[in-house]
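What follows is a short report on a single structure.
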Amino acid sequence: MKILALIVVFIWSSISLAQTSGEWTAEDSLKGKAMINTIEQSLDYFYADYSPEGNYDSIIEVLNYEADSVPEFSDEVYCERLAIMNEMSPFHLDCNNSTLSTIKFFTKKRRGFTRVVLGRSKLYFDMFEAKLAEHNMPIELKYLAVIESGLRPQVKSRAGALGLWQFMYGTGRMFGLKENSYIDERMDPELATEAACKYLKKLYGIYNDWNLALAAYNAGPGNVNKAIRRSGNKSTYWEVRPFLPRETQGYVPNFIAAAYLMTYHAEHNIIPMVADIRYPQLDTICLSKGVHFASIAQLLSIEEEEIGKLNPVYKRAYIPKTTPNQCISLPHQKIGQLVSLEDSLYAYEIEKYITKISPVKATNAAPTTNTAASYTYHKVRTGETLGTIASRYGSTVSTIQRLNGLRSTKIYVGQRLKVKKGKTTTTTTKPATSKKYYTVRSGDTFGRIAQRHRLSQSQLKRLNPRINISKLRIGQKIRVR
């Protein structure tokens with residue numbers, strides 16, 4: 001971070017010295033833009049190196065693992081590793097039959113899950129750690145969100161618990177998380193993490209044992225209190241565990257297994273999924289007016305799905321006007337663009353949504369429209385988004401969401417969507433057939449590009465039959481749709 005600061009200070013100093021020799025000119029203005037571009041490039045390089053993927057490459061190379069190898073270790077090795085973790089943790093990471101069997105299950109049967117959460121951790125763990133440090137709480141609590149939600153903020157349990165930390169509605173309200181027709185703060189990563197810190201701190205204050213606090217987080221303090229009484233008023237989780245509900249008996253072993261695998265994944269030949277974006281790469285802007293995701297996507301040339309993924313708090317692909325203002329998080333380059341285009345965003349929103357519902361000129365005749373509506377079903381194909389489907393049928397994203405009960409813009413290949421097909425007397429909407437290209441950047445591989453655009457490597461290869469996938473060049477255009 002100090003190196004980055006020095007780079008920025010040096011750039012600013014150089015420009016300041018250049019400007020002291022004369023009056024400001026148009027050429028100086030262009031230099032200013034060049035300066036902004038230079039700073040942004042410096043940030044990009046810094047963020048590319050920030051939060052590295054880990055040391056798994058070197059470990060796997062030393063151990064000479066094959067790609068599909070599933071290493072196994074003796075119980076003594078597992079216990080030694082847990083003992084090392086235990087020395088640095090206020091949790092009781094006991095090595096017993098329950099924790100060993102859970103760890104072995106994860107290392108053999110849940111390897112894909114571990115890869116995915118390791119990739120997602122790049123987006124959330126920095127923020128988790130900052131919040132936990134702010135509350136002076138154990139850093140290992142970040143692994144609780146792994147077993148609660150798999151680090152997916154929109155995941156909802158059968159009982160109705162929602163978000164990274166799986167808050168029930170009542171508990172969320174108790175710790176300040178609001179919900180209305182447009183937002184559910186249980187899905188806001190930062191607000192929900194703050195609430196989880198407060199709740200866990202409260203539980204620890206009751207039991208003075210972090211493992212029991214975890215059990216109470218899962219089963220509720222009432223069930224833990226009953227288990228303590230049935231145990232003869234024991235004071236530690238492992239003593240109380242036989243009297244807890246069955247699910248909660250496995251809760252702390254699951255937590256220990258998650259902590260173990262997130263620490264020793266490389267030794268088990270588990271390579272993290274590529275992280276699309278990391279938390280430090282995000283920036284935020286708060287908006288003074290209501291705005292649809294579709295307007296932002298159009299203005300910034302970004303997919304609505306990406307906006308929704310980075311802003312899961314919004315339930316309907318719409319950011320309402322509230323006091324205080326609602327905010328949106330995006331990669332810092334996009335936020336920089338949005339700061340410059342904020343007035344244009346509001347103007348576009350009015351043109352696209354407000355003017356369309358303005359009343360027509362009054363006449364003696366009954367109100368009519370020049371659009372005949374019919375419904376059909378569309379099967380989602382690779383590369384399609386709600387935006388492209390809406391454009392194809394002359395509809396809107398919000399209409400398709402309403403017709404299909406969708407709470408986000410996320411769709412999957414093969415899904416059948418009901419669409420309202422509009423036809424006008426003057427024009428016919430043509431299916432969207434435009435191609436989309438991606439520009440290769442530093443550090444890109446063919447596999448990463450395929451993953452980023454939700455394609456298999458074979459699909460991407462079919463779109464680019466003349467591309468040498470082993471010799472990509474920075475600036476090269478890759479067709480992704």
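The values are calculated or read from the model by the stated rules, or taken from the named source; none is laboratory data. Worth saying up front: this structure is predicted, and the values here are computed from it rather than measured. Cβ coordinates were reconstructed from backbone atoms using ideal geometry, including for glycine residues, and neighbour counts include every protein chain displayed.
Report whether or not Thr102 is in contact with a His (Cβ under 7 Å, 6 or more places away or on another chain) and within 16 Å of Tyr260 (Cα to Cα). Answer is no for this residue.
Go through region 138-179 and give me each residue that's touching a residue at least 40 places away in the same chain (Cβ under 8 Å) and over 18 Å from the mean Cα position of the chain (by Cα). Residues satisfying the conditions are Pro138, Glu140, Leu141. The residue that is surrounded by the fewest Cβ atoms within 10 Å (Cβ to Cβ), among those in region 180-213 that are of a type in the set (Asp, Glu), assigned to a helix (DSSP H, G or I) and in contact with a Lys or Arg (Cβ under 7 Å, 6 or more places away or on another chain), is Glu194. The single residue among Trp210, Trp238 that is under 27 Å from Thr107 (Cα atoms) and under 29 Å from the mean Cα position of the chain (by Cα) turns out to be Trp210. Picking from Leu338, Leu330, which residue would you name as being in a strand (DSSP E or B), without any contact (Cβ under 8 Å) to a residue 60 or more places away in the chain and outside the structural domain of Leu386 (by TED's automatic domain parsing)? The match here is Leu330. No other residue among Glu66, Glu53 is part of a loop (DSSP other than H, G, I, E, B), loosely packed, with under 14 Cβ neighbours inside 10 Å and modelled with pLDDT under 95 apart from Glu66.
Among the candidates Leu164, Leu132, the residue that is over 27 Å from Gly290 (Cβ atoms), touching a helix residue (DSSP H, G or I) at 6+ places or on another chain (Cβ under 6 Å) and among the hydrophobic types (A, V, I, L, M, F, W, C) is uniquely Leu132.
Of the residues making up region 219-256, those that are closer than 18 Å to Ser98 by Cβ and part of a helix (DSSP H, G or I) number 20. When restricted to residues that are closer than 21 Å to Thr399 by Cβ, of a type in the set (A, V, I, L, M) and either out of contact with any His (no Cβ under 9 Å at 6 or more places or on another chain) or surrounded by fewer than 17 Cβ atoms within 10 Å (Cβ to Cβ) (or both), region 303-344 contains 1.
Count of region 156-174 residues, restricted to those that are more than 21 Å from Tyr279 (Cβ to Cβ), among the aliphatic types (A, V, I, L, M) and part of a loop (DSSP other than H, G, I, E, B), is 3. Please identify the pairs in which a residue from region 216-235 that is closer than 22 Å to Met168 by Cα and assigned by TED's automatic domain parsing to the domain that holds Phe167 has its Cβ atom under 7 Å from the Cβ atom of a residue that is surrounded by fewer than 16 Cβ atoms within 10 Å (Cβ to Cβ) and aliphatic (A, V, I, L, M), counting only partners at least 6 apart or on another chain. Close Cβ pairs (under 7 Å, with a partner that is surrounded by fewer than 16 Cβ atoms within 10 Å (Cβ to Cβ) and aliphatic (A, V, I, L, M)) amount to Pro221/Ile206. Scanning region 393-407 for residues being aliphatic (A, V, I, L, M) and either on the phi > 0 side of the Ramachandran plot or at pLDDT 80 or above (or both) gives a total of 2.
Within region 435-481, being over 22 Å from the mean Cα position of the chain (by Cα), surrounded by 17 or more Cβ atoms within 10 Å (Cβ to Cβ) and not in a loop (DSSP other than H, G, I, E, B) holds for Phe446, Leu460, Leu463, Ile478. For region 255-265, the set of residues classified as surrounded by fewer than 21 Cβ atoms within 10 Å (Cβ to Cβ) and within 30 Å of Arg441 (Cβ to Cβ) consists of Met262 only.
Among the residues of region 128-155, those identified as part of a helix (DSSP H, G or I), in contact with a Lys or Arg (Cβ under 7 Å, 6 or more places away or on another chain) and among the hydrophobic types (A, V, I, L, M, F, W, C) are Phe128, Leu132.
In summary, Leu177 fulfils each of the numbered conditions (1) surrounded by fewer than 16 Cβ atoms within 10 Å (Cβ to Cβ); (2) in a loop (DSSP other than H, G, I, E, B) with the single exception of condition (1).
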